[in-house]
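Let me begin by presenting the structure, written as C-alpha coordinates, before commenting on it.
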Amino acid sequence: MDKQQASWLIVRAFGIYLLIQAFFLGVGVLGEVYMYSRLASSLEAQNVYVTAMIRSYRDSMFASLLKFVVFSATGIYFLRGGRFLMRWLQYVPGARTDAGAQTISQNLTEQEARNMSVNERLSAAGLFHEFADAVDRRDISDVERILRQIDLTPEDIQTIIAQMLPTSA
(Lines give C-alpha, C1' and ligand atoms only; values in the text may rest on other atoms or scores of the structure.)
Protein backbone atom coordinates (compact mmCIF):
# COMPACT_ATOMS: atom_id res chain seq x y z
CA MET A 1 0.00 0.00 0.00
CA ASP A 2 1.52 3.29 -1.07
CA LYS A 3 1.13 6.69 0.59
CA GLN A 4 -1.78 7.77 -1.62
CA GLN A 5 -3.77 4.60 -0.91
CA ALA A 6 -3.09 4.87 2.82
CA SER A 7 -4.21 8.52 2.81
CA TRP A 8 -7.35 7.57 0.88
CA LEU A 9 -8.16 4.83 3.38
CA ILE A 10 -7.57 7.04 6.43
CA VAL A 11 -9.70 9.90 5.10
CA ARG A 12 -12.60 7.62 4.14
CA ALA A 13 -12.47 5.71 7.44
CA PHE A 14 -12.54 8.96 9.40
CA GLY A 15 -15.46 10.15 7.27
CA ILE A 16 -17.40 6.99 8.15
CA TYR A 17 -16.56 7.47 11.83
CA LEU A 18 -17.85 11.06 11.75
CA LEU A 19 -21.07 10.02 10.03
CA ILE A 20 -21.67 7.34 12.67
CA GLN A 21 -21.11 9.94 15.38
CA ALA A 22 -23.49 12.31 13.56
CA PHE A 23 -26.14 9.57 13.49
CA PHE A 24 -25.89 9.10 17.26
CA LEU A 25 -26.03 12.87 17.77
CA GLY A 26 -29.11 13.03 15.52
CA VAL A 27 -30.85 10.41 17.64
CA GLY A 28 -29.89 12.41 20.74
CA VAL A 29 -31.24 15.62 19.21
CA LEU A 30 -34.55 13.91 18.43
CA GLY A 31 -34.76 12.74 22.06
CA GLU A 32 -34.04 16.23 23.32
CA VAL A 33 -36.65 17.74 20.99
CA TYR A 34 -39.19 15.26 22.33
CA MET A 35 -38.33 16.03 25.95
CA TYR A 36 -38.34 19.78 25.26
CA SER A 37 -41.78 19.61 23.68
CA ARG A 38 -43.11 17.50 26.57
CA LEU A 39 -41.74 19.89 29.19
CA ALA A 40 -42.81 23.02 27.34
CA SER A 41 -46.37 21.74 27.02
CA SER A 42 -46.68 20.68 30.63
CA LEU A 43 -49.18 22.49 32.78
CA GLU A 44 -46.55 23.27 35.38
CA ALA A 45 -44.37 25.32 32.99
CA GLN A 46 -44.67 28.25 35.36
CA ASN A 47 -42.59 26.43 37.96
CA VAL A 48 -39.06 27.85 38.22
CA TYR A 49 -37.51 24.38 38.26
CA VAL A 50 -39.34 23.28 35.10
CA THR A 51 -38.43 26.54 33.35
CA ALA A 52 -34.75 25.99 34.17
CA MET A 53 -34.98 22.43 32.79
CA ILE A 54 -36.61 23.70 29.60
CA ARG A 55 -33.74 26.18 29.09
CA SER A 56 -31.22 23.43 29.77
CA TYR A 57 -32.80 21.12 27.18
CA ARG A 58 -33.01 23.97 24.66
CA ASP A 59 -29.31 24.85 25.09
CA SER A 60 -28.27 21.20 24.99
CA MET A 61 -30.41 20.65 21.90
CA PHE A 62 -28.78 23.52 20.00
CA ALA A 63 -25.28 22.38 20.97
CA SER A 64 -26.04 18.83 19.86
CA LEU A 65 -27.63 20.10 16.64
CA LEU A 66 -24.53 22.17 15.87
CA LYS A 67 -22.28 19.13 16.46
CA PHE A 68 -24.59 17.05 14.26
CA VAL A 69 -24.30 19.53 11.38
CA VAL A 70 -20.50 19.84 11.70
CA PHE A 71 -19.94 16.07 11.99
CA SER A 72 -22.29 15.34 9.08
CA ALA A 73 -20.75 17.93 6.78
CA THR A 74 -17.20 16.89 7.61
CA GLY A 75 -18.01 13.17 7.27
CA ILE A 76 -19.61 13.70 3.86
CA TYR A 77 -16.65 15.84 2.75
CA PHE A 78 -14.23 13.08 3.75
CA LEU A 79 -16.27 10.37 2.06
CA ARG A 80 -16.48 12.39 -1.14
CA GLY A 81 -12.71 12.65 -1.39
CA GLY A 82 -11.56 15.49 0.85
CA ARG A 83 -9.28 16.94 -1.83
CA PHE A 84 -7.63 19.57 0.35
CA LEU A 85 -6.90 17.06 3.09
CA MET A 86 -5.61 14.47 0.58
CA ARG A 87 -3.22 17.02 -0.94
CA TRP A 88 -2.07 18.04 2.52
CA LEU A 89 -1.45 14.42 3.58
CA GLN A 90 0.55 13.71 0.43
CA TYR A 91 2.62 16.91 0.57
CA VAL A 92 6.34 16.25 0.73
CA PRO A 93 8.21 19.26 2.12
CA GLY A 94 11.39 20.19 0.32
CA ALA A 95 10.53 18.15 -2.77
CA ARG A 96 12.32 19.31 -5.90
CA THR A 97 9.99 20.49 -8.61
CA ASP A 98 12.45 21.64 -11.26
CA ALA A 99 12.32 19.39 -14.33
CA GLY A 100 16.00 19.90 -15.20
CA ALA A 101 17.16 18.03 -12.10
CA GLN A 102 14.59 15.29 -12.44
CA THR A 103 15.69 11.69 -12.59
CA ILE A 104 13.05 9.00 -12.46
CA SER A 105 9.58 10.16 -11.52
CA GLN A 106 9.14 10.44 -7.76
CA ASN A 107 6.13 8.14 -7.91
CA LEU A 108 8.32 5.23 -8.97
CA THR A 109 10.08 3.06 -6.46
CA GLU A 110 13.51 1.63 -7.16
CA GLN A 111 11.95 -1.82 -7.60
CA GLU A 112 9.46 -0.50 -10.17
CA ALA A 113 12.24 1.28 -12.05
CA ARG A 114 14.30 -1.92 -12.20
CA ASN A 115 11.37 -3.75 -13.76
CA MET A 116 10.86 -1.11 -16.47
CA SER A 117 12.28 -0.98 -19.95
CA VAL A 118 14.45 1.95 -20.97
CA ASN A 119 11.56 3.50 -22.93
CA GLU A 120 9.27 3.20 -19.91
CA ARG A 121 11.88 4.84 -17.68
CA LEU A 122 12.38 7.65 -20.18
CA SER A 123 8.63 8.23 -20.41
CA ALA A 124 8.21 8.14 -16.62
CA ALA A 125 11.00 10.70 -16.22
CA GLY A 126 9.58 12.90 -18.99
CA LEU A 127 12.76 12.53 -21.05
CA PHE A 128 11.54 10.41 -23.95
CA HIS A 129 11.24 13.23 -26.51
CA GLU A 130 14.56 14.73 -25.45
CA PHE A 131 16.18 11.30 -25.84
CA ALA A 132 14.59 10.79 -29.28
CA ASP A 133 15.86 14.19 -30.42
CA ALA A 134 19.38 13.37 -29.20
CA VAL A 135 19.32 10.05 -31.09
CA ASP A 136 18.09 11.81 -34.24
CA ARG A 137 20.97 14.30 -33.93
CA ARG A 138 23.32 11.38 -33.22
CA ASP A 139 24.63 13.31 -30.21
CA ILE A 140 26.29 10.58 -28.13
CA SER A 141 27.19 12.84 -25.20
CA ASP A 142 23.59 14.06 -24.90
CA VAL A 143 22.27 10.49 -25.13
CA GLU A 144 24.68 9.45 -22.35
CA ARG A 145 23.62 12.37 -20.17
CA ILE A 146 19.93 11.51 -20.54
CA LEU A 147 20.50 7.81 -19.86
CA ARG A 148 22.47 8.65 -16.69
CA GLN A 149 19.44 10.61 -15.48
CA ILE A 150 17.31 7.46 -15.47
CA ASP A 151 19.84 5.62 -13.29
CA LEU A 152 21.30 3.17 -15.79
CA THR A 153 24.69 1.57 -15.24
CA PRO A 154 27.57 2.66 -17.50
CA GLU A 155 27.56 -0.79 -19.14
CA ASP A 156 23.85 -0.52 -19.93
CA ILE A 157 24.38 2.98 -21.33
CA GLN A 158 27.13 1.75 -23.67
CA THR A 159 24.97 -1.18 -24.80
CA ILE A 160 22.04 1.11 -25.60
CA ILE A 161 24.27 3.56 -27.46
CA ALA A 162 25.74 0.72 -29.49
CA GLN A 163 22.21 -0.45 -30.41
CA MET A 164 20.74 2.99 -31.10
CA LEU A 165 23.71 4.59 -32.81
CA PRO A 166 25.68 1.85 -34.53
CA THR A 167 29.02 3.09 -35.78
CA SER A 168 30.04 2.10 -39.27
CA ALA A 169 33.44 0.43 -39.56
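The values are calculated or read from the model by the stated rules, or taken from the named source; none is laboratory data. For clarity, every value in this text was computed on a predicted model and none was experimentally measured. As a convention, Cβ positions derive from the backbone with ideal geometry for all residues, glycine included, and neighbour counts pool all protein chains shown. Quick note on the areas: whole protein, heavy atoms, side chains included, nothing else; ligands and nucleic acids left out. Shrake-Rupley method; radii C 1.70, N 1.55, O 1.52, S 1.80 Å.
The table that follows gives values for the structure above.
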| quantity | calculated |
| --- | --- |
| Identity of the residue in segment 146-158, without any contact (Cβ under 8 Å) to a residue 40 or more places away in the chain and surrounded by 14 or more Cβ atoms within 10 Å (Cβ to Cβ), that ends up nearest to ASN115 (Cα to Cα) | LEU152 |
| Residue list for segment 24-49, restricted to those being modelled with pLDDT under 75 and surrounded by 15 or more Cβ atoms within 10 Å (Cβ to Cβ) | LEU39 |
| Odd one out for ARG138, checked against (1) at pLDDT 85 or above; (2) open to solvent by less than 50 Å² (accessible area, probe 1.4 Å); (3) on the phi > 0 side of the Ramachandran plot | (2) |
| Some residue of segment 100-115 being aliphatic (A, V, I, L, M), at pLDDT 85 or above and open to solvent by 30 Å² or more (accessible area, probe 1.4 Å) | no |
| Residue within segment 74-90 that is over 21 Å from the mean Cα position of the chain (by Cα) and either at pLDDT 80 or above or not β-branched (Val, Ile, Thr) (or both) present | no |
